[in-house]
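All of the numbers you see were taken from the coordinates with simple rules; none came from a lab. Everything quoted here is computed from the prediction, not taken from an experiment. Positions of Cβ are backbone-derived with ideal geometry, glycine not excepted, and every protein chain shown enters the neighbour counts.
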Amino acid sequence: MFEKFLKFFIDNYKINYTLFLLLFALGIYSYNQIPKEISPTIEPNSLTIRGSYAGASVDTLNKMAVQEIEDEVKNIIGVESVTSVISPGRFTIILELEDGADKTAAISDTEDAIALIRENLPSDMDEPIIRGVAHSRSIMHVSMLSSKISRDKLKALSKKFKSRLLSIKDVSDVTIFGDSDLFYEVLIDEKKVNAYNLSLDEVVRIFSEISYIFPLGKIDNPKQQYYISTQNDKKFSKNLENTTININDQQITLKDIAKIEKRYEDSSTLASMNGNNSITLAVSQNPSGDAVTIAEDINALISKMRVDGVEFNVRMDKSTVIKDRLNIVISNILLGVIL
């Protein structure tokens, strides 16, 4: 039987060439369609809930949102443990699932739990996002540096660039290093406070109560001056400025004892390159995305984003490693075909 099979292909050698060409074409098609990655995708046995509330301090965010969510999701079937990470203005809650737990059902139950407590969360707070997919992968860092334009303009340009990066297919996240948020600072004038015969401690206490209405940030006291910072827009600033507070049977507006100024928050990360101001954007991709295609789209966007006085520098590009390895595979295949 086997000898007849071999004899058939020996006598009909043109079929061999046809099959070879079909397999070769199928290989090229598969190469273009399959995502190129160095390592396989690993699906974590956990869910994440991410939320943000601009300007809220860690304590305020914990009391107004995180505790509410934790109490509701910790009893979901299949959830083994709940861990939270809170930073000013944002939080992440990680739900570790039991072995063998149905992740799809856990996501659905978590969405229902969030919906039940939504009315207890601040009305102007962003909707918490639930994710149960594999972790994002870093694909490259893009640095924007300039010695000609101010850091403020560089920050504005980086946010525009981030928005356009996120519009690229399979780009899941962009983190900016060296950036800081624009916010409005409330500077309490101690002399005016004394002129109204008010206690500075009492004024600060009133502000802690206002924080349940307005998302106030940190309170500093350098050189006996109190700074109460909050992040939001001009409309918010006006509303806060005209807020009436009642202290010791006196009704006064905030602008009577304080001044509101716009400035950038101290950045948690400082970035520079070759002695110039720089802002770095770390780009991450979806696990199902093609790193090579994404990198090509990013480089095409950089070419369109050219700005006078601003240099774009691509570093830690994972797609170049993938291309090098693919080129080795292709050269081995071609060598085998020739031989």
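Using the beta-carbon distance between ILE333 and ASP99 and R0 = 41 Å, what value does 1/(1 + (r/R0)^6) give for FRET efficiency, to the nearest 0.05? Before the final figure, lay out each step's value.
Values: r = 41 Å, r/R0 = 1.00.
E between ILE333 and ASP99, to the nearest 0.05, is 0.50.
The phi torsions of segment 69-86, fed into the Karplus equation with coefficients 6.51, -1.76 and 1.60 and a -60° offset, translate into couplings of 5, 4, 4, 7, 8, 5, 9, 5, 4, x, 7, 8, 8, 10, 10, 10, 10, 10 Hz, rounded to whole numbers, with Gly and Pro shown as x. Proximity of backbone amide H atoms, modeled 1.01 Å from N, is registered between ILE247 and ILE252 at under 5 Å, excluding neighbours fewer than 5 places apart on the same chain. Close amide H pairs (under 5 Å, H built 1.01 Å from N) link ARG90 with TYR53, residues at least 5 positions away or on another chain.
Tell me, what is the FRET efficiency for LEU6 and SER303 to the nearest 0.05, using R0 = 35 angstrom and their Cβ-Cβ distance as r? Working from the Cβ atoms, E equals 0.05. Annotation: amide H-H contacts under 5 Å for SER84 (H modelled 1.01 Å from N, sequence separation of 5 or more, or interchain): ILE94. The 3J(HN,Hα) values that the Karplus relation (6.51, -1.76, 1.60; θ = phi - 60°) gives for segment 312-317 are, in residue order, 9, 10, 9, 9, 6, 7 Hz. Gly and Pro appear as x. Residue pairs exceeding 18 angstrom between C-alpha atoms, taken from LYS162/LYS304; LYS103/LYS169; LYS191/LYS259; LYS148/LYS304; LYS160/LYS323: LYS103/LYS169; LYS148/LYS304; LYS160/LYS323. For segment 158-168, backbone phi angles converted through the Karplus equation (6.51, -1.76, 1.60; θ = phi - 60°) give residue-by-residue couplings of 5, 5, 5, 5, 4, 4, 6, 5, 5, 7, 6 Hz, Gly and Pro being listed as x.
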